[in-house]
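Before any comments, here is the structure.
Computed from the coordinates by the stated procedures, all read-outs in this text should not be read as laboratory data. The structure displayed is predicted, hence computed values, not measured ones. A quick note on method: Cβ atoms are made from the backbone with ideal geometry, for glycine too, and the neighbour counts reach across all protein chains shown.
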Amino acid sequence: MGLTKEFKEFAMRGNVIDLAIGVVIGGAFGKIVSSSIDDIITPLLLKPALEAAHLSKIEDLTAFGSVKYGVFLSNVINFVIVAFVLFMIIREMNRAKKRNEAAAAAPATPAASKEEMLLTEIRDLLKK
């Protein structure tokens, strides 16, 4: 019974649930990136090069008859796109965090009346 309770506590922690959500979203994002490579980027940008090589997809590129370096190139392109998008997301998050920190760091000075300011100056002078 103790093992089940420990596992339940572990699985219900916020970090584990956040990680699970991240994995699911990452998988879906990976499919979107793969589709953009296969269906948009390859046909638009690489079409002339692929036609010159008499190929229809980048994955069909081979060397020595069996080494499929086209699959490797496709995966490298996928990685670069994912890394760039994540960089842009994190960059914007850091900018927003800096803006929030700057706004919080600015001390909020209460609007003091002229009398309060004069009394504060008098008090400071009397202390000296």
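To make sure I understand, if each residue's beta carbon is the centre and we count other beta carbons within 10 Å, what order do E59, E116 fall in, fewest to most?
With the fewest neighbours first, E59, E116 line up as E116, E59.
Is there a quick way to get the dipole size of the chain? I mean about its Cα centre, with the Cβ of Lys and Arg at +1 and of Asp and Glu at -1; what is the value in debye to the nearest 20?
380
Give the lysines reachable from K47 as a straight Cα distance under 17 Å; neighbours fewer than 8 places away on the same chain don't count.
K47 reaches K57.
Please give the contour-minus-distance gain from R95 to D18: 0.36 nm per residue of separation, less the Cα-Cα distance, rounded to one decimal in nm.
Roughly 25.5 nm would be gained on extension.
Of the candidates N75, N94, N15, which one comes out as most mobile in a Gaussian network treatment of the chain with C-alpha springs shorter than 10 Å?
N15
Calculate the all-directions average of the projected area of segment 2-127's alpha-carbon convex hull, and give it in nm².
The orientation-averaged projected area of the Cα hull of segment 2-127 comes to 19.8 nm².
Tell me the mean residue ellipticity at 222 nm calculated for the chain from its helices only (DSSP H runs of n ≥ 4, each -39500 (n - 2.57), averaged over every residue, nearest 500).
That comes out to -24000 deg cm²/dmol.
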